[in-house]
Ligand code: DER
């Protein structure tokens, strides 16, 4: 099953942990299972490990499982693990269903080794096949960014709404998130979206140093 696939890949990544590691910890359900597997090994073998969380959810999970944490301001990750929503044949990713792609991209760009943990359902022939591209936007720029995204060829732009609160979700950095569907995502889109004033980050990860781990 999907859950068993995720647990298998979570156990695989736990083997990577060495004492002294500073580990970037991604967000999402697969990363969460990996965090549980890693914290179990850290506890059993009394390893000296520091985690760099990528969301409130992950930092809360680290405190629950008893993993010490640090930040990118205080440490550089030795390696990181994370999930993804889509992986294309060139290892391009769409991430951000969980809304943490800004911090996740900072960690992935800061880490010499990045493991992307996916079950078979994440592989696509092209990016955008199943998922929209999440884009984090400064609230002051929402109209400007939507106008520019339409010029870029967006055919659908949805403001991501909160569940437990009226109105839009607010990201860890205090921004809005729009989910954008395009007809064709080219390798230039990550840069072109980022160049729009008011865009903080997108969930497109194209050309990053990542290793895909799957079952
Ligand atoms: O938000 C993210 O980028 C997460 O990594 C997400 O895309 C993958 O989450 P999942 O492991 O719950 O599918």
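Quick note: the coordinates plus some simple rules give every number you see, no bench work behind them. Note that the structure is a prediction, hence the values are computed from the model and not measured. We place every Cβ from the backbone using ideal geometry, glycine too, and count neighbours over all the protein chains shown.
Scan segment 17-31 for residues that are in contact with a strand residue (DSSP E or B) (Cβ under 9 Å, 6 or more places away or on another chain) and within 14 Å of the ligand (Cβ to nearest atom) and jot them down.
The answer is 24, 25, 26, 27, 28, 30, 31.
State which residue is farthest from residue 178 (Cα to Cα) when the search covers only segment 84-98 and only residues that are near the ligand (Cβ under 6 Å from one of its atoms) and crowded, with 23+ Cβ neighbours inside 10 Å.
The qualifying residue farthest from residue 178 (Cα to Cα) is 84.
Is one or more of the residues making up segment 170-181 outside any loop (DSSP other than H, G, I, E, B) and over 19 Å from residue 94 (Cβ atoms)?
no
Scanning for something away from the ligand (no atom under 16 Å from the Cβ), part of a loop (DSSP other than H, G, I, E, B) and at negative phi, does segment 53-67 turn up at least one residue?
yes
Yes/no matrix, rows are residues, columns are (1) over 16 Å from residue 181 (Cα atoms); (2) in contact with a strand residue (DSSP E or B) (Cβ under 9 Å, 6 or more places away or on another chain); (3) outside any strand (DSSP E or B):
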site	(1), (2), (3)
104	yes, yes, yes
109	yes, no, yes
116	yes, yes, no
128	no, yes, yes
134	no, yes, no
143	yes, no, yes
147	no, no, yes
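Pick out the one residue from 99, 167, 153 that is touching a strand residue (DSSP E or B) at 6+ places or on another chain (Cβ under 9 Å) and under 22 Å from residue 210 (Cβ atoms).
99
Yes/no matrix, rows are residues, columns are (1) free of Cβ contacts under 8 Å to residues at least 40 places away in the same chain; (2) within 16 Å of the ligand (Cβ to nearest atom):
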site: 15; (1), (2): yes, no
site: 35; (1), (2): yes, yes
site: 100; (1), (2): no, yes
site: 120; (1), (2): no, yes
site: 129; (1), (2): no, yes
